[in-house]
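These notes are about the structure you will find just below.
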């Protein structure tokens with residue numbers, strides 16, 4: 001097992017074997033999470049700081065739980081409320097953090113590339129918990145683990161990603177990850193919500209949802225990020241639901257055993273039918289949340305091993 | 001005034017399109033004679049400079065230099081910009097009015113001119129804002145500003161959004177014969193953009209603008225030129241799609257010229273990889289296809305002028321997430337070495353390069369500089385077109401060091417720069 005990375009900034013820098021390494025370890029953590037003995041000591045003695053420059057409940061809670069289950073000292077900081085308003089720059093924040101000597105830094109930021117910038121300036125392992133519309137690697141990894149457990153494999157699947165692709169970092173990380181694992185990817189959504197140059201990503205693009213869903217094994221729905229929009233990407237919520245909301249009728253075009261995924265939080269009746277989301281025969285949305293904790297435990301565990309190895313070699317050199 | 005003879009040079013004449021070995025005699029700050037090698041030159045000159053077989057060209061006339069006075073002198077002063085210009089072979093800077101406050105009144109222009117005269121070793125010709133505060137609502141006192149020495153009128157990267165305001169300003173400027181410089185861009189499309197839309201911007205998750213926004217902006221401005229007949233210069237044409245419109249407008253006899261920036265000629269959008277904010281410029285860097293089309297347009301003369309678009313930014317405004325980081329790059333000192341990349345790649349010969357760097361901008365501003373001709377001002381640059389070096393940004397004379405060429409291999413260095421026959425820069 002090898003995982004030769006200092007940070008987890010995105011899926012793009014990972015090789016297929018890195019992804020498999022994380023998922024294999026996460027698989028073990030997922031099983032342990034269902035047992036009574038949930039705790040480990042992989043992160044014992046380490047300090048984990050969660051810095052969220054953009055509000056989040058689920059991802060932040062998931063990272064917090066993952067750290068605590070592995071024995072780290074976890075602290076969460078809601079950054080949008082504090083220093084940003086006081087005019088502190090991201091680099092100043094990094095310097096302040098360095099002085100606190102964290103080992104693991106989990107960052108979410110509203111601007112693409114901000115987590116990369118921070119990672120250049122701090123001395124610890126950085127995990128990207130979502131930067132702008134760039135990447136959200138742990139979400140893609142938990143989606144991958146959910147698919148692998150439900151389908152028994154993570155290659156040669158037909159996977160549809162539906163909705164607001166343009167504003168979605170979840171879509172970007174998933175497209176990259178599922179591509180690296182050699183799956184066939186279809187993107188479904190209105191052309192106003194497709195990023196420019198998307199055809200060059202090695203994906204198939206559909207604006208007709210029924211055609212796009214034809215025979216797929218996995219249907220990944222995206223949240224319609226209304227708060228990100230300048231206005232005018234779609235005519236109305238109800239027309240969007242009519243054309244791109246997932247319901248039983250549209251899902252009937254997918255493979256009979258197709259699973260339904262959603263990164264949450266859901267807008268019921270906007271991008272997904274409420275009843276379908278709760279249908280335990282098709283929906284794996286609850287498993288996604290569960291796998292989220294396991295994948296984050298695995299990612300932090302692997303980064304911490306590298307961190308400790310670097311510190312040991314530094315000590316030997318000294 | 002002393003007579004100076006520069007011997008053993010290769011003289012670049014952008015008007016004739018020639019490179020000729022020879023000597024050049026300077027008298028009273030002007031070119032007094034151009035002589036074949038070894039020809040007699042009359043009375044003994046006070047000073048003889050052996051050019052060592054290197055190139056001598058008309059000094060660069062750079063339209064669109066940002067000097068941060070008044071307002072942000074910590075980023076760039078007339079002194080530091082002037083020294084950078086001299087070291088870069090730039091003998092005339094037409095400076096931008098996008099200062100804080102904007103140069104939009106004769107009083108502020110007077111201040112800028114005075115500072116420039118005190119501090120800059122090269123010629124400075126201040127431009128003034130076209131509308132008050134560059135806000136696109138009311139035109140400035142174009143007449144008074146011209147009397148005070150404004151060489152052209154521009155709101156820089158602020159597009160005058162109201163076509164009514166812009167049309168009136170163009171009409172008024174036309175009556176006074178003033179040159180208006182605009183930034184062709186459809187602001188509705190480009191608002192908030194940090195990159196050019198396409199695969200690269202999508203992969204990096206950056207808010208992006210379609211290259212079509214430039215053509216739409218240019219189309220609008222061309223229509224207003226047909227309406228008003230004003231003298232117009234587009235500051236930066238950077239996309240292939242805008243070129244046919246420009247070509248048509250010129251063919252139809254409109255008084256239009258176009259420039260482009262050195263960065264759009266020598267870099268493309270992929271250089272931003274890793275969110276490198278020193279590569280964030282406005283408009284954003286384009287695709288390689290666009291870059292090549294713009295290089296070809298300079299070669300064909302469709303694009304008239306190459307500018308540095310020198311824009312100093314301090315570290316604080318660049319060390320930010322890409323979307324939040326300030327746009328712009330310093331380029332006075334790297335303009336010529338970067339432009340010589342196009343010479344070494346075989347895209348442009350030296351007379352063509354200096355047509356765009358010196359001759360055309362001088363002509364457009366109504367100066368008699370930019371020429372290798374008897375009677376022209378002895379504003380000259382002597383350079384070694386082949387000398388290789390690696391750029392170290394800490395050596396730049398600009399107060400701000402935000403160059404995209406830090407650590408880049410470059411070929412071609414300025415050996416000396418002369419303004420009115422006086423050496424304002426000599427390499428060690």
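The values are calculated or read from the model by the stated rules, or taken from the named source; none is laboratory data. Owing to the predicted nature of the structure, the values given are computational and were not obtained by experimental measurement. Counting neighbours? That spans all protein chains shown, and the Cβs are built from the backbone with ideal geometry, glycine included.
Does any residue of the range A:163-172 turn out to be within 11 Å of another protein chain (Cβ to nearest Cβ), within 16 Å of the chain's Cα centre (by Cα), assigned to a loop (DSSP other than H, G, I, E, B) and on the phi > 0 side of the Ramachandran plot? Looking through the range A:163-172, none of the residues is within 11 Å of another protein chain (Cβ to nearest Cβ), within 16 Å of the chain's Cα centre (by Cα), assigned to a loop (DSSP other than H, G, I, E, B) and on the phi > 0 side of the Ramachandran plot. Evaluation of residue A:92 against the conditions (1) free of Cβ contacts under 8 Å to residues at least 12 places away in the same chain; (2) within 28 Å of residue A:265 (Cα to Cα); (3) assigned to a helix (DSSP H, G or I) shows that the sole unmet condition is (2).
Can you find even one residue in the range B:318-326 that is touching a residue at least 24 places away in the same chain (Cβ under 8 Å) and away from chain A (no Cβ under 14 Å)?
Filtering the range B:318-326 down to residues touching a residue at least 24 places away in the same chain (Cβ under 8 Å) leaves B:318-323, B:325-326.
Subsequent filtering for residues that are away from chain A (no Cβ under 14 Å) retains none.
Looking for residues that are touching a residue at least 24 places away in the same chain (Cβ under 8 Å) and away from chain A (no Cβ under 14 Å), one finds none in the range B:318-326, hence no.
Against the list (1) free of Cβ contacts under 8 Å to residues at least 60 places away in the same chain; (2) surrounded by 16 or more Cβ atoms within 10 Å (Cβ to Cβ); (3) under 22 Å from residue A:177 (Cβ atoms), the condition residue A:17 fails is (2). The set of residues in the range A:114-138 being facing another protein chain (nearest Cβ under 7 Å), free of Cβ contacts under 8 Å to residues at least 60 places away in the same chain and over 16 Å from the mean Cα position of the chain (by Cα) consists of A:117 alone. Residue A:155 falls short on exactly one of the conditions (1) more than 27 Å from residue A:274 (Cβ to Cβ); (2) modelled with pLDDT under 95; (3) out of contact with any strand residue (DSSP E or B) (no Cβ under 9 Å at 6 or more places or on another chain), and that condition is (2). Strands (runs of 3 or more DSSP E) fully within the range B:11-68 that include at least 2 residues being more than 30 Å from residue B:99 (Cβ to Cβ): B:18-27, B:30-36, B:47-50, B:55-58. Of the residues B:208, B:182, B:195, B:201, only one is under 23 Å from the mean Cα position of the chain (by Cα) and within 14 Å of another protein chain (Cβ to nearest Cβ); which? Matching residue, one of B:208, B:182, B:195, B:201: B:195. Only a single item in (1) buried (at least 24 other Cβ atoms within 10 Å of the Cβ); (2) within 14 Å of chain A (Cβ to nearest Cβ) is not met by residue B:303, and it is number (2).
When the range B:147-158 is examined, which residues are found to be without any contact (Cβ under 8 Å) to a residue 60 or more places away in the chain and buried (at least 22 other Cβ atoms within 10 Å of the Cβ)?
Applying the first criterion (without any contact (Cβ under 8 Å) to a residue 60 or more places away in the chain) to the range B:147-158 yields B:147-150, B:153, B:155.
If the condition is that a residue be without any contact (Cβ under 8 Å) to a residue 60 or more places away in the chain and buried (at least 22 other Cβ atoms within 10 Å of the Cβ), then B:150, B:153, B:155 are the ones that fit.
Quick check, is residue A:101 surrounded by fewer than 20 Cβ atoms within 10 Å (Cβ to Cβ), under 17 Å from residue A:292 (Cα atoms), in contact (Cβ under 8 Å) with a residue 12 or more places away in the chain and away from chain B (no Cβ under 11 Å)? Here the answer is no, as residue A:101 does not meet what is asked.
Determine whether the range B:212-230 contains at least one residue that is within 14 Å of chain A (Cβ to nearest Cβ) and either crowded, with 21+ Cβ neighbours inside 10 Å or under 24 Å from the mean Cα position of the chain (by Cα) (or both).
The initial filter retains those residues of the range B:212-230 that are within 14 Å of chain A (Cβ to nearest Cβ), namely B:212-213.
Right, trim to either crowded, with 21+ Cβ neighbours inside 10 Å or under 24 Å from the mean Cα position of the chain (by Cα) (or both) and you get B:212-213.
Looking for residues that are within 14 Å of chain A (Cβ to nearest Cβ) and either crowded, with 21+ Cβ neighbours inside 10 Å or under 24 Å from the mean Cα position of the chain (by Cα) (or both), one finds at least one in the range B:212-230, hence yes.
Taking the range B:176-226 as the range and being in a strand (DSSP E or B) and either free of Cβ contacts under 8 Å to residues at least 24 places away in the same chain or under 23 Å from residue B:365 (Cβ atoms) (or both) as the test, the residues that pass are B:179, B:180, B:181, B:182. Residue A:111 fulfils the conditions (1) within 14 Å of chain B (Cβ to nearest Cβ); (2) in a helix (DSSP H, G or I); (3) buried (at least 24 other Cβ atoms within 10 Å of the Cβ); (4) out of contact with any helix residue (DSSP H, G or I) (no Cβ under 8 Å at 6 or more places or on another chain) except for a single criterion, (2). When residue A:80 is tested against (1) over 30 Å from residue B:318 (Cα atoms); (2) part of a helix (DSSP H, G or I), only condition (1) is not met.
Being touching a strand residue (DSSP E or B) at 6+ places or on another chain (Cβ under 9 Å) and touching a residue at least 40 places away in the same chain (Cβ under 8 Å) is the filter; apply it to the range B:163-175 and report the residue that is surrounded by the fewest Cβ atoms within 10 Å (Cβ to Cβ). Please lay out each step first, then the result.
So in the range B:163-175, the residues touching a strand residue (DSSP E or B) at 6+ places or on another chain (Cβ under 9 Å) come out as B:165-166, B:168-170, B:172-174.
Among the residues that remain, those that are also touching a residue at least 40 places away in the same chain (Cβ under 8 Å) are: B:166, B:170, B:173-174.
Numbers: B:166: 24, B:170: 25, B:173: 23, B:174: 17.
Ranking the qualifying residues of the range B:163-175, first place goes to B:174.
In the range B:259-284, the residue that is nearest to the other protein chains (Cβ to nearest Cβ) out of those that are outside any helix (DSSP H, G or I) and under 21 Å from residue B:343 (Cβ atoms) is B:268. Filtered by the rule that a residue be over 21 Å from the mean Cα position of the chain (by Cα) and surrounded by 17 or more Cβ atoms within 10 Å (Cβ to Cβ), the range A:28-66 gives A:42, A:43, A:46, A:47.
In the range A:43-60, of all residues being in contact with a helix residue (DSSP H, G or I) (Cβ under 9 Å, 6 or more places away or on another chain) and assigned to a helix (DSSP H, G or I), the one that is modelled with the lowest pLDDT corresponds to A:58. Checked against (1) within 16 Å of residue B:23 (Cα to Cα); (2) surrounded by 14 or more Cβ atoms within 10 Å (Cβ to Cβ), residue B:423 meets all criteria but (1).
Count, please, the residues in the range A:178-225 that happen to be part of a strand (DSSP E or B), under 20 Å from the mean Cα position of the chain (by Cα) and more than 14 Å from every other protein chain (Cβ to nearest Cβ). Break it down into steps so the answer makes sense when it comes.
Initial filter on the range A:178-225 (part of a strand (DSSP E or B)): A:184-188, A:204-206, A:218-221.
Next, only the ones that are under 20 Å from the mean Cα position of the chain (by Cα) stay: A:184-188, A:218-221.
Filter once more, so that each one left must be more than 14 Å from every other protein chain (Cβ to nearest Cβ): A:184-186, A:188, A:218-221.
Of the residues in that region, 8 qualify.
Here residue A:92 clears all of (1) within 14 Å of chain B (Cβ to nearest Cβ); (2) modelled with pLDDT of 95 or more; (3) surrounded by fewer than 17 Cβ atoms within 10 Å (Cβ to Cβ) except the condition numbered (2).
When the range A:289-317 is filtered for residues that are surrounded by 21 or more Cβ atoms within 10 Å (Cβ to Cβ) and touching a strand residue (DSSP E or B) at 6+ places or on another chain (Cβ under 6 Å), the ones remaining, listed by number, are A:299, A:300, A:303.
Please find, among B:234, B:240, the residue that is away from chain A (no Cβ under 14 Å), surrounded by fewer than 21 Cβ atoms within 10 Å (Cβ to Cβ) and within 22 Å of the chain's Cα centre (by Cα). Even if it seems obvious, please write down each step before you answer.
Working: B:234 fails: surrounded by fewer than 21 Cβ atoms within 10 Å (Cβ to Cβ).
Answer to the check: B:240.
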